[in-house]
Amino acid sequence: MGKAPDRSQWAGNFGEWFHRVLSEVPVYDIRYPVKGTGVWTPYGFKIRKEVTDVIREELVKRGHEEVLFPLLIPEYMLKKEAEHIRNFEEQVFWVTHGGTTPLDVKLALRPTSETAIYPMFQLWINAYSDLPVKIFQIVSVFRYETKATKPMIRVREVSTFKEAHTAHATREEAEMQVKEGVEIYSRIFERLGIPFVKSVRPDWDKFPGAEYSVAFDTVMPDGKVLQIGTVHFLGQGFSKAFDIKYMKADGGYENVWQTCYGISERVIAALISVHGDDHGLVLPSRVAPIQVVVIPIVYKGREDEILRACVGVAEELEKAGFRVKLDDRKEETPGSKYFTWELKGVPVRVELGPRDFDKGTAVLVRRDSLEKVTVERTSLVEEVKSLLERIDLDLKERAKKWLDEQIVKKEDLEDAKKVLESRGGIVELNWCGNVGCGQDLEAKLDARVLGIPYEDSRNPEGSCVNCNSKANMIIRVARSY
Ligand code: P5A
Ligand code: ZN
């Protein structure tokens, strides 16, 4: 990794930067010999664990319960909802044999779990009092992606697929659940400092089987947009296909109304990319496997007292609840230790040498800006605590500011194209709302329609950028992963 923490240098070689960070830290090893898979290393797994804990916390706080469904789905179940299978058919991995014996019923490796979970909903849901059902699981799903695979971003084994599935008595309750899903995801991304925009996907790009899909997108350092999560309103499509009904007060039966929402390791890819710099990872404290590293600056003759002081500092920080590492390796210079922990994204480094020892101070260095401050040993715990909070806030604000700068409104198709070609990001345009016009727009701009802003009351003035008829809404377009 290069010299100063500079984000501007990525634009040309973000892909290379991302691969290098993953392999040098290391976070995720892509040398496993199956295309579209990767290995979470011990350090990468720790980051992944912290991220999934944040996800779990937010879901559980709002009444979701964790479950675990089988990986295998019999062919007849996968095929029950027509729209769903039509879209996933080309992406399904199949298990066809048990040993050398062909199976009577082919088994799919789940590409997502609607068709595994909803037959069980049919058994579990009978009465109004069984509702709502709000469950989630964090599992591997398999999709035979045919576009170029990318570590964590487009994988064939999605190893960190969090899927939530809910069932409700009424359309209104299910639509409220969509709102709650959107709030939960907003909260998760905010805690990770990942900026986002929310868009209602156009009809031609919604989840197979959904009435509508709300998607979260972020902009990666190369200007390309990454979909980091989606919340789907499923209506009664699946509940009719899977015959999921409850008995109403009047004795009649009604199909349940459903939602589902999912995020994957793309969240971790975004986390790494939006905060990282030329020195490597920059991690918000909540997900940093090590939050504070203590480095003794030893001088001849004073090794023992410095080392002892550092052990004391590390213990004190650990007692205060921080995840701490004391790097007391004798064979490494302080400079090479800085390099190591900067690469790994440890938010705060404590340096303690003879001069600090004599003065009763210590030096704190922030990973994000590499700024140094000298603090009193006696107030070290409070200083570290407030510095971590400041770092998290600054990371979040910096990333948010950057994303805001990537969103521009254009009144003209040519201008939009220029922006998309030169710097990427998200372009907002006035649009008529016509499907044919939207798809024409995608072809002309060689870009994807992200959709219309979610819960946004802006009303466009003027005419559609593409067909000149009256504009009815604002549409977002981008080049995407
Ligand atoms: C919602 C959960 C679903 O599958 N069923 C259950 C719904 N939606 S989705 O949009 O298809 O996927 C949810 C999120 O998963 C991420 N994702 C992927 N990440 C890495 N590699 C892939 N191949 C991949 N496919 C989907 C996206 O972030 C998506 O929003
Ligand atoms: Zn139009």
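Rule-based calculations on the coordinates, nothing more; no lab input. Computed from a prediction, not measured in an experiment: that's the story for all the values here. Quick reminder, even Gly has a Cβ in these numbers, built from the backbone with ideal geometry, and neighbours come from all protein chains shown.
Side notes on the structure shown:
- Averaging 1/r over every pair of different alpha carbons in the chain and inverting the result gives a Kirkwood radius of 24.8 Å.
- 5 angstrom amide H check on Thr41, placed H, neighbours 5+ away: Tyr28, Asp29
- Karplus (6.51, -1.76, 1.60) ³J(HN,Hα), θ = phi - 60°, over region 159-167, in Hz, Gly and Pro reported as x: 8, 10, 8, 9, 10, 10, 9, 10, 9
- Annotation: peptides 164-174, 248-258, ranked by per-residue average of other Cβ atoms within 10 Å with the highest first, follow the order 164-174, 248-258.
- Per-residue packing, averaged as other Cβ atoms within 10 Å, sorts the ranges 230-237, 203-210, 55-62, 298-305 into the order 230-237, 203-210, 55-62, 298-305, beginning with the highest.
- Relative intensity, log₁₀ I(q)/I(0), of region 331-434 from a Debye sum that treats every alpha carbon as a point, q = 0.15, 0.19, 0.21 Å⁻¹: -0.74, -0.97, -1.09
- Based on alpha carbons, the Rg and Dmax found for region 184-262 are 16.6, 58 Å.
- Here the contact order of the chain, divided by its residue count and restricted to Cα pairs under 8 Å and six or more residues apart, works out to 14 percent.
- Degrees between helix 413-422 axis and first principal axis of the chain (Cα, 0 to 90, nearest 10): 40
- Charge dipole of region 1-159 (Cα centre as origin; +1 on each Lys and Arg Cβ, -1 on each Asp and Glu Cβ, all else neutral): 460 debye, rounded to the nearest 20.
- Normalised by the number of residues in region 442-481, the average gap of Cα pairs under 8 Å and 6 or more apart makes the relative contact order 51 percent.
- Thr378-Tyr299 FRET efficiency (beta carbon distance; Förster radius 22 Å; 0.05 resolution): 0.45
- Between 0 and 90°, nearest 10: helix 334-343 axis offset from the chain longest Cα axis: 10
- Placing dummy labels 7 Å off each Cα toward the beta-carbon, the span from Val39 to Arg329 is 2.0 nm.
- Region 44-71 and region 408-481 have Cα centres spaced 36 Å apart.
- Each of Glu421 and Leu71 was given a label point 7 Å from its Cα along the Cα-to-Cβ line. The distance between the two points is 4.7 nm.
- Working note: 222 nm ellipticity from helices only, DSSP H runs with n ≥ 4, each -39,500 (n - 2.57), summed and divided by the residues of the chain, gives -11000 deg cm²/dmol to the nearest 500.
- Over region 127-207, Cα pairs under 8 Å with separation of 6+ residues give a relative contact order of 27 percent.
- Per-pair calculated FRET efficiency, R0 = 60 Å: Arg31 and Lys319 via Cβ, rounded to 0.05: 0.90
- In a reduced charge model with +1 at each Lys and Arg Cβ and -1 at each Asp and Glu Cβ, region 105-186 shows a dipole moment near 600 debye about its Cα centre.
- Thr96-Arg56 FRET efficiency (beta carbon distance; Förster radius 45 Å; 0.05 resolution): 0.80
- Pairwise inverse Cα distances across region 422-481, averaged and inverted, put the Kirkwood hydrodynamic radius at 11.6 Å.
- Label zone of Trp124 (point 7 Å out along Cα→Cβ, amide N under 18 Å): in region 137-179 this covers 137-140, 162-170, 174, 177-178.
- Acute angle (nearest 10 degrees) that the helix 435-445 long axis makes with the longest principal axis of the chain, alpha-carbon atoms: 40
- In Å, descending, principal axis extents of the Cα set of region 47-159: 44, 40, 29
- Under 5 Å, built H, 5+ apart or other chain: amide partners of His279: Asp6
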